[in-house]
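Please treat every number below as a calculation from the coordinates, not as lab data. Since we're looking at a predicted model, the values are computed, not measured. Don't worry about glycine lacking a Cβ; one is built from the backbone with ideal geometry, like all the others, and counts go over all protein chains shown.
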Amino acid sequence: MELERRIDPELAAAQQLGDLFHQHPWPYVQVLKRSGYFWRALCRVARGEGDYQSFRRRLGPLAPVFDLAARRAARSRLARSASN
């Protein structure tokens, strides 16, 4: 139970980022190429120095936009998997 409580939010945020990347790879890559801030933040996550939840928190006022886009990407992913 404790492990699930601690890891579930991290897995949910990771799924959001994955859905966004697969749904909209071009803008995702463009932001990473042009923003050292986002590039360094995702590198910290990849190296294990940060986590997805902290990355999401760093989005500040853009977090609700991130959440909305991620929900739309998840719906698209689920619709594609249901049609297969």
Exercise. So how strong a dipole does segment 2-83 carry about its Cα centre when Lys and Arg Cβ are +1 and Asp and Glu Cβ are -1, to the nearest 20 debye?
Worked result: 360
Problem set entry | Derived scalar couplings ³J(HN,Hα) [segment 62-74; Karplus, 6.51 cos²θ - 1.76 cosθ + 1.60; whole Hz; x for Gly, Pro] | 7, 4, x, 5, 4, 4, 4, 4, 5, 5, 5, 5, 5
Exercise. Calculated from DSSP H runs of 4 or more alone, at -39500 (n - 2.57) each and per residue, what is the 222 nm mean residue ellipticity of the chain, nearest 500?
Worked result: -28000 deg cm²/dmol
For this session: Specify whether the C-alpha gyration tensor of segment 2-83 places it in the rounded, prolate or oblate class, a ≥ b ≥ c being the square roots of the eigenvalues: rounded for a/c under 1.5, otherwise prolate if a/b is larger than b/c and oblate if not.
Result: oblate
